[in-house]
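Scroll down for the structure; my scribbles are underneath it.
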Amino acid sequence: MEHLFTNIAQILTSWMVSLGLPPIWADLILLIGQWTIIVVIVTLNVIVLVWLERKISGFIQERLGPNRLGPFGAFQTIADAMKLLTKEDIIPSQADRWIFMTAPMLFIVIAVMLYAVLPLGQGMEVVDLNVGLFYFISLGSLSTICLLMAGWGSNNKWSLLGAMRSVAQMISYEIPLAFSLLGVVMLAGSLNLSEIVTAQNRYWFILLQPVAFLTYFIAATAELNRGPFDMPEAEQELTAGAYTEYTGMRWALFFLAEYTNLVAVSALAATLFFGGGQGPWLPSWLWIIIKTYLIMLVFMWMKWTFPRIRMDHLMSFSWKVLIPVSLANILITGLGIEFFRGMGW
Amino acid sequence: MSDQATLGIFLLLTLAFPVGAMVAARLFRAKPRPSQEKLLPYECGVDTKGPSWMRYRVNYFLYALVFLAFDVETIFLFPWAVKFQQLGLFAFIEMIIFIAILLVGLWYAWKEGALKWY
Amino acid sequence: MVLNEADTRDGSSDVEQLEKHNIIVTTLEKIWNWSRARSFWPLSYGCNCCPIEMMASGAARFDIARYGYEVFRASPRQADLLIVAGPITLKMAPVVKRVYEQMPSPKWVLAMGNCATSGGPFRDGYSILPGADTLFKVDIFVPGCPPRPEALFHGLLELKKKVERGDY
Amino acid sequence: MITDMAEESNTAKDNHMAELAAALNERFKPLEVNYDQYFAYLKIEPGALPAVMQSLYDDWGMNYLGNLDAVDYGEEFEVVYHLYGIPAHDKKIAVKVRVPRQNPSVPSLIAIYPTADWQEREAYDLMGIQFTDHPNLVRVLLPDDFSGHPLRKDFGKGV
Amino acid sequence: MSLMIINDLVFVLIASITLLSALGMVLSRNIVHSALALILTFIGVAALFFNLGAAFLGLVQILVYAGAISVLIIFAIMLVMHGEAHKTNRFNPSLGTHLWGGYIAAVMTIGLVAAIWFSELPEVKGRTVEDAVGLLAGLLLGNYVIAFEAAAVLLLLAVVGAIILARGVEEQ
Amino acid sequence: MIETETYTINIGPQHPSTHGGLHVEAIMDGEEVKDAIVHVGYVHRSVEKIAESRTYAQFVPYASRLDYLASHLPTLGYVQAVEKLAGIIVPERAEYIRVIVSELSRIASHMIFVGSLAIDLGATTGMVYCFRDRERIMDMFEMSSGQRMIASYMRLGGISADLPESFYPAVESFINDLPGMIAEYHGLISGNEILQERCKDVGILSAQDAVAYGVTGPNLRASGVDYDLRRDDPYGIYPRFEFRVPTGQNGDSWDRFMVRIEEMEQSGRIIKQALRDMPSGEIQAKVPRILKPEKGREVYHRVESSKGELGFHLVSDGSDKPYRVHVRAPSFINLMVLPLICRGGKLQDVITNIATLDPVLGESDR
């Protein structure tokens, strides 16, 4: 079971080579296969996640949640997705047309690109990039541009305000996010995600880096624009923020990308702090799914419990609390490592 | 294939994904002739006043500035963190000095109110 | 008030245009209507007593989410269903009209409560439109002052049947 | 028995209001003073309104303008001000001014009672009373393009 | 079709995208479009780094230039925005400026091309650096430690100077 | 060179947190609100004009549609005003039942206040909890009058029907559970630091301003002015009950929130006392079928509604229809201070301030 998918990939490659295909073509076909699987998983996962979120919000609010369509209402999101596909596409006359149109597409591209380096199990990553973690951070920083494009392109006050706010928020929380990961990097001595997983053979890093995990979690919530930090889509304040003017499929792409990012960030948390695919009995890819989902449950729990934070508190929380705390965490980690090395452990 | 080639092909494939989604939507979605009112910006159902592309205050810019400084710092920190266990105490102290200098910047920004949101 | 029918009803896609000329079998349309009927996203619009019952229908006891209709959107751009809850006053009429216009097709209107169906008890007033259908086509009328959440559900389910039949 | 008690207290209230009305009469020399068990009514000239209100505010502690509205009496409009004091005391005064239908103009009280702002706008909107010196006398409840003042008795649509 | 040719083709593709977006940045009449084209240019440069196998540098390019500096630029645009920003690009006002700009650009291009033409570049074909990040760290904190700390001071000065400037702007 | 320019942003009329058709034109400088212009009238249903063509009794349902969150309170105000006008004396038992349903209405209204504040600040779950508890009150109203929300339960000179037997256990268990519900709101909503930070020192309304602008009800008391009509200008049988009038100190949004929470407790106390002392007997006074008050009489009667001083100014011309009905709507007057308390705050504070002023647009616009 453990090597199920890697074995399948190997068998497929060798089969294709045996058919006389050059190895590079076999690799290419395999890559397309991997990509297809990732996109299908992403899409299906979002459908499951939205349903789960609605169910969980129902559970938290003493309601039932969707239960009419399919078992436990599981097909509800499918109906929603199909409906969104057939909705009219409105491009407001005052919009900056091309920017308005491309913003959601680029947003989802960036979200999917994150999966290229995620180890979805032992040896199950598309690219085993040796700067994988850094790739994650860099690419994540690009999504701010997409939100800005959406806000600017809509030419709507709510949109631009929402976009400007969320960009200010995302750049502020990018720093503590990166800093919180440094502690992990110092312990693992690598930026390669699968090596970081291997480094957690003895202890999960959550035990050594609890502060870093907390910082990461909070900063990630802000980066995802979720929960108490949902500035770009503050429904009760900015109507729908940066997404105000988006309809149908374009809006759905934003929505898809947000959930895709949620999965990616949770999977990264599982990889960095919870030993990735490590765990007894079950194969690694199953473990990572379980851990990712558990972390996502916490994200949802937060979202359905907290009120939305005010913008100035949000900003000062990052700059005046999270950044100093994460820097102190780096310092203490460094001191700890030096100390233990001095002790000769 | 090399890492970068894989990434490049992955990017090309991924670019196709939203394009495909939009093409599918284009095929199936409703296409009425929109009225003039439909294409107006939505601002709670009334006419918007003044341009929407408006001037923002300087604090956004200040945050971006401080952010930039720290972003550059991250770049220096990551290689250091990777090699931390090999580099030894001296590098650690160098990095503390580096961070301290930047913290002065943060402190200055804080003191000057650049971190105040208004 | 002049009805602007230009973009109200004929919100059909290419495929549906073909179907109208009997070129493609109606299976696809049936599928779309199936999904549309099960996924009304109402616009959170309202201006009197009825929105309170609308909110109550979203809350624990009645739970509109069971039918999947709980996704109240703040922006008309993402909404399918305009629940006109409350009287339409002279001052509000252009606003509702515009909000309705700005919703993407296909879209539906549910007139909730007596005020929205006919002007209700305030019909005699000088500042009230006698019902939402003076502004745009209304698909379902739910009487009551205010209608109970169950009545709203009944209206929604009737609308669901209507949409599933393709009768809109 | 309970009705007796109520009547007893009613007479006490009557007496109190009578005293209040007498005091008002002496102080302001109005057109007419009147009272029932709930209010002392003071009818004055529109021109005297700001001065009377100011001294009611300063000397009688009537710092709270509870209600302001206008009644259409055919040839004349009557604007009624119900005054109270906070903290509560037992003086309750209703000031009335009558203005002719042709030129319904009353001095604005915003300077003394900021709360008069919207209430005067409402009286303008629905009854067509012109409040002089009001900084922003525009319609408040009806759309700006509405014609007529609906609460007037001669307005068309009341069934 | 050998790998070399594919490599060259990819290079030409990336380089032309980069150049085109650079041109777009200069020529666009809408300043926000210019900024977005600039971001595309940055990403193109990052892709060039990737193509050369310098993944870390490419990512740095994306993180700092495309992710941070561009935000800074856009915020600066928002700060000085006036009425019809979608029509006027403030930075190409008159013919005289165009000429001067063209002149300077031409001189710089010629200088750059000459420098590349006349310098002897070492042969690096076939050599890949396995642990680029580690090497970088070793160099930064070893040989170039003064430069490293000077970078910190530079950043500090940048922050302080920018805040003073921005304060001045705000007070006006 | 670079002076920031202000821009106008329209909050409402179609906006999720304007509680219906409220339109606030916020004049912004960056994220700071420089000024706000409030437009009301989107729910103006010409109630005052309609009243002139209805008999006194026929207007009761219209009165209860004024404040639909607490429909018994405006009805109470109206019927008491007419009773004053015509000199009707209401039987004891009816008075007690009126107090019970009015105070239940007040609790229901404050529950919606808490819930809508929660949802306006982005905490959807808080809203659902408040609505869950409000349903119990709605059940009781349905038992007593047959309608959940807008129960035109009161009649001129009494009430329409006596309370059914099932009402008493329901109300008793509700009153006993009320402290638990309030504790839950404190745990979920007011105990949250984010909410506290968003409410404290936001939208400060000083006592002077509050009085000058005629703000009444919980909003006035939150500013530290101890003024409650149930105690200071008593109507009905309120003098017989013991209750405390909660006040705040700062007049900020947080105080407005806490005052309402405490008022729910005090209303619970009043209901308890009313249930204890309620006599048996008639529920309806003898009122002529066609009520014709004396010509030329006028009355201004005010009650403490959940939003503030709700006044009815009735003028009689001796016919069976009122000559003039004017409603002094507390929400209308309270909304006047919205620009005052928003000025200098953030955009997000506008939402908090609207929510904590707790306007009901139906009542405000009439």
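For chain A, a Gaussian network of Cα nodes joined below 10 Å ranks A:Ala188, A:Ala242, A:Ala212 by mean-square fluctuation, and the top entry is A:Ala188. Within a straight-line Cα-Cα reach of under 17 Å, B:Lys83 can be paired with the following aspartates and glutamates, leaving aside sequence neighbours fewer than 8 residues apart in one chain: A:Glu195, A:Glu338, B:Glu73, B:Glu94, E:Glu130, E:Asp131. The residues of region D:105-127 occluded by other protein chains by 50 Å² or more of accessible area, set against the chain on its own, are D:Pro114, D:Thr115, D:Trp118, D:Glu122; surface from heavy atoms, 1.4 Å probe.
For chain F, the longest principal axis of the C-alpha atoms and the axis of helix F:92-120 are separated by about 20°. Could you tell me how many degrees, from 0 to 90 and to the nearest 10, lie between the Cα long axis of helix D:49-60 and the main elongation axis, the longest principal axis, of the Cα atoms of chain D? The angle comes out near 30 degrees.
Counting only protein heavy atoms and a 1.4 Å probe, region A:90-342 has 25 square angstrom of accessible area per residue.
Normalised Debye scattering of chain D at q = 0.09, 0.17, 0.19 Å⁻¹ gives log10 I(q)/I(0) of -0.34, -1.00, -1.16, counting only Cα atoms as equal scatterers and leaving out solvent.
So how far, in whole Å, is the C-alpha centre of region D:86-159 from the one of region F:135-157? For region D:86-159 versus region F:135-157, the Cα centre distance is 35 Å. Anything over 31 Å Cα to Cα? Flag those among C:Lys160/F:Lys346; A:Lys55/A:Lys83; C:Lys91/F:Lys34; D:Lys92/D:Lys153; F:Lys200/F:Lys307, in the order listed. Violating the 31 Å Cα-Cα cut-off are C:Lys160/F:Lys346. By the rule of a C-alpha distance below 16 Å, with chain neighbours fewer than 8 residues away ignored, the lysines paired with B:Lys111 are A:Lys320. From the alpha carbon centroid of region A:1-28 to that of region A:196-263 is 35 Å. Structure note, pairs A:Lys303/B:Lys38; D:Lys91/F:Lys272; F:Lys49/F:Lys321: Cα-Cα distances above 21 angstrom occur for A:Lys303/B:Lys38; D:Lys91/F:Lys272.
In the protein assembly as shown, the convex hull through the Cα atoms has an average projected area of 57.0 nm², a quarter of its surface area. Burial of accessible area (probe 1.4 Å, heavy atoms of protein chains only) in region A:87-118, relative to its chain alone, reaches at least 50 Å² for A:Lys87, A:Glu88, A:Ile90, A:Met105, A:Val109, A:Met113.
Could you order the peptides A:16-26, E:56-66 from most to least packed, using the average number of other C-beta atoms within 10 Å per residue? Don't skip to the answer; put the middle values down first.
Values: A:16-26: 12.3, E:56-66: 22.9.
Going from most to least packed, we get E:56-66, A:16-26.
Mean-square fluctuations from a GNM of chain F, with a 10 angstrom spring cutoff on Cα atoms, peak among F:Leu104, F:Leu73, F:Leu275 at F:Leu275.
Between region F:40-98 and region C:151-168, what is the C-alpha centre distance in whole Å? When both Cα centres are located, 37 Å separates them.
Taking Cα atoms only, the orientation of helix B:3-28 departs from the longest principal axis of chain B by about 20 degrees. Largest first and in whole Å, the equivalent-ellipsoid semi-axes of chain B read 46, 31, 8, each the square root of five times a Cα gyration tensor eigenvalue.
Pairing chains B and A buries close to 6600 square angstrom of accessible surface in total, based on protein heavy atoms and a 1.4 angstrom probe.
So for the protein assembly as shown: antiparallel DSSP bridges make up what percent, rounded to the nearest 5? Let's see the in-between values first.
Working: 51 of 70 bridges.
The answer is about 75 percent antiparallel.
Direction-averaged projected area, Cα convex hull, region E:130-172: 3.7 nm², rounded to one decimal.
For region F:40-133, the alpha-carbon coordinates run over 48, 36, 15 Å along the three principal axes, in decreasing order. Tally up the carbon and sulfur contribution to the accessible surface of region A:90-342 as a whole percent, 1.4 Å probe, everything protein left in place. Answer for region A:90-342: carbon and sulfur cover 72 percent of the accessible area.
Against the compact-protein benchmark of 2.2 N^0.38 Å, the Cα-based radius of gyration of chain A scales to 1.05. Comparing mean-square fluctuations of F:Arg54, F:Arg289, F:Arg297 from a GNM of chain F with C-alpha springs under 10 Å, the top value falls on F:Arg289.
Name the helices (complete DSSP H segments) of chain A with a Cα length along the long axis of 30 Å or more and a Kyte-Doolittle mean of at least 1.0, or state none.
Details: long enough: A:23-60 (52 Å, 1.67); A:132-154 (34 Å, 1.40); A:157-188 (46 Å, 1.15); A:248-273 (37 Å, 1.24).
Once both thresholds are applied, what remains is A:23-60, A:132-154, A:157-188, A:248-273.
Just subtract the alpha-carbon distance of E:Val12 and E:Asn143 from 0.36 nm times their residue separation and send over the number in nm, one decimal.
Gain in length upon complete extension: 43.6 nm.
Looking at region F:239-316, the GluC sites (Glu not before Pro) that sit in a DSSP loop and have at most 12 other Cβ atoms within 10 Å of their own Cβ are F:Glu242, F:Glu294.
Within region D:18-120, what whole-number % of the accessible surface is contributed by carbon and sulfur, with the 1.4 Å probe and all protein chains included in the calculation? Intermediate results must be reported in sequence, preceding the final value.
On the way: 1830 of 3800 Å².
Ligands and nucleic acids excluded, carbon and sulfur give 48 percent.
Burial annotation for region F:57-83: residues with an accessible-area loss of at least 40 Å² between the isolated chain and the complete set of protein chains, computed on heavy atoms with a 1.4 Å probe, are F:Tyr62, F:Arg65, F:Tyr68.
At a probe of 1.4 Å, how much accessible area disappears from chains C and B on forming the pair, both sides counted, to the nearest 100 Å²? Roughly 1700 Å² of accessible surface disappears when C and B pair. Orientation-averaged projection of region A:81-160 equals 7.1 nm² [convex hull of Cα atoms, one quarter of hull surface area]. Using DSSP to define loop residues, name the chymotrypsin sites (Phe, Trp or Tyr not before Pro) in region A:240-331 whose beta-carbon has at most 10 other beta-carbon atoms within 10 Å. Loop-located and lightly packed - A:Trp281.
Against the globular-protein guess of 2.2 N^0.38 Å, express the Cα radius of gyration of region C:63-168 as a ratio, rounded to two decimals. Write out the running numbers ahead of the final one.
Values: Rg = 13.5 Å, N = 106, 2.2 N^0.38 = 12.9 Å.
So the Cα radius of gyration is 1.04 times the expected 2.2 N^0.38 Å.
The values are calculated or read from the model by the stated rules, or taken from the named source; none is laboratory data. Because the structure is predicted, anything quoted here is derived from the model rather than measured. All Cβ positions, even for glycine, are placed from backbone atoms using ideal geometry, and neighbour counts span all protein chains on display. Just the protein is used for accessible areas: all its heavy atoms, side chains included, with ligands, DNA and RNA removed. Shrake-Rupley method; radii C 1.70, N 1.55, O 1.52, S 1.80 Å.
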